[in-house]
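What follows draws every value from the coordinates through simple rules; no lab data is involved. All of these numbers come straight from a predicted model, not from anything done at the bench. Reconstructed Cβ throughout: ideal geometry from the backbone, glycine too, with neighbour counts over all protein chains shown.
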Amino acid sequence: MTDPRRRVPRTDVLLAHPRLAEAERVLGRALVKAAVVAAQDRARAGEIEPEQVAEQAIAALPSSATTLRPVVNATGVVVHTNLGRAPLSQAALDAVATAGRSTDVEFDLATGRRARRGRGALAALAEAVPAAGGVHVVNNNAAALLLVALVLAPGKEIVISRGELVEIGDGFRIPELLASTGARLREVGTTNRTSLRDYSAALGPDTGFVLKVHPSNFRVTGFTAEASVRELATLDAPLVVDIGSGLLAPHPVLPDEPDTATALRDGADLVTASGDKLLGGPQAGLLLGSAELVDRLRRHPAARALRVDKLTLAALEATLRGPEPPVARALVADPVELRRRADALAERIPGASVVSCRSAVGGGGAPGVELPSVAVSLPESLAEPLRTGTPSVVGRVEHGRCLLDLRTVGPDEDELLLAAVHACTS
Ligand SMILES: *Cc1c(COP(=O)(O)O)cnc(C)c1O
């Protein structure tokens with residue numbers, strides 16, 4: 001009797017299988033070969049029959065060349081850090097696809113000469129915030145702060161309130177980031193109260209700049225005081241304001257969230273912000289303010305190390321010029337409309353109910369703000385199969401139920417959501 005292991009098909013024979021050959025065109029040889037080798041190993045271990053190797057390899061093929069999996073964000077957290085912060089608009093996704101090929105990001109097609117890199121995105125940003133004399137874009141807000149410290153405070157002091165020594169998340173602390181440039185932090189005031197006088201008493205020949213940081217992920221309440229941007233602008237030192245969230249102008253739903261236009265109007269010399277929080281665009285660090293300062297930032301040698309990719313520039317421009325991105329839509333979603341969608345979904349899911357709930361803005365800003373929302377309520381036991389299904393649906397478990405909060409689910413995702421639930425319940 002022949003050893004069944006001898007009947008395991010050879011790798012080259014398997015790779016010539018029409019389905020696997022087709023997969024190789026989409027996924028590349030390495031991924032397909034890995035699936036083939038894994039299936040062969042299972043046959044040699046006696047887990048499957050040698051005749052099943054090809055079908056096993058086909059079944060185990062990844063659906064794309066990235067291990068990243070699409071997720072429907074039904075958590076109700078509008079800017080969900082672990083789900084990649086802001087989802088891009090379709091226009092931004094299309095722009096990324098365009099930019100991913102050869103493109104005129106740094107080339108003038110009319111003259112055939114080199115052109116300013118990312119001029120479309122920079123022009124869109126400048127137009128969106130007319131109060132800014134200059135604009136620059138770097139890799140993220142952390143990079144923006146790093147660049148500012150390198151330019152304005154080498155060997156000098158950054159004056160900052162003790163109430164604004166913020167840890168953003170995952171152990172990332174703004175004070176440590178700033179100190180890594182060699183600048184010294186000059187902490188003023190207390191955790192709960194800092195006055196203009198605290199700042200002015202600290203200013204001197206060693207001052208590089210005054211930094212005001214938005215406490216974007218916590219709130220201090222009670223006996224508190226802080227110096228406003230307007231007050232700080234009266235000091236004799238450059239004023240940099242890190243607003244965090246990336247709102248370009250005041251937002252009606254988030255009246256306490258700082259925005260770029262207001263900070264500049266109130267006298268900030270420079271504003272830094274993230275692109276992928278409330279602006280709803282790609283990861284980016286936005287720098288807006290005095291033309292002279294922005295010019296110095298752009299010319300610093302480190303600017304090259306912090307510059308953004310063409311994909312980012314494309315997505316940012318489309319976010320600024322194109323239709324409202326999903327984050328903006330989620331912020332203003334009308335609970336009446338959310339309930340209509342929830343009712344329609346629940347009607348088609350046995351055992352589902354519809355409940356009122358509260359969504360959060362999330363890591364992107366507006367700590368403590370809750371938005372009235374509506375969810376499809378399912379048994380808690382569905383949370384895991386939904387999460388691990390295809391597409392993955394991540395809800396939120398509350399009071400022993402799995403809630404699918406529709407505020408963060410795009411209306412165009414309802415059918416997808418329904419199919420995912422049906423796949424888990426049938
Ligand atoms: C989020 C945030 C940052 C960090 O921004 P990244 O774009 O993630 O680097 C810095 N400052 C504040 C106030 C923030 O909210």
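Observations on the model:
- Label point at ASP295 placed 7 Å out along Cα→Cβ; residues across the stretch 111-146 whose backbone nitrogen lies under 19 Å: 116-117, 119, 122-123, 126-127, 131-137
- Bridge type composition, the chain - antiparallel percent by DSSP, nearest 5: 60 percent
- Two-site label geometry, ALA302 and LEU418: point separation in nm, points 7 Å out along Cα→Cβ: 5.3 nm
- Taking label points 7 Å from Cα along the Cα-to-Cβ direction, SER195 and GLU167 give a separation of 3.1 nm.
- Put the Cα centre of the stretch 321-374 next to the Cα centre of the stretch 402-426 and the gap is 12 Å.
- Antiparallel %, DSSP beta bridges [both residues in the stretch 198-349], to 5: 45 percent
- Cα lying deepest toward the dipole's positive end in the chain, options ALA123, PHE107, GLY163, charges on Cβ: PHE107
- Projecting label points 7 angstrom from Cα along Cα→Cβ for GLN90 and SER64 puts them 1.7 nm apart.
- Debye-sum result for the stretch 206-299 in log10 I(q)/I(0), which assumes one identical scatterer on each alpha carbon, at q = 0.14, 0.17, 0.24 Å⁻¹: -0.53, -0.77, -1.36
- One Cα centroid belongs to the stretch 56-109, the other to the stretch 213-242; the line between them spans 36 Å.
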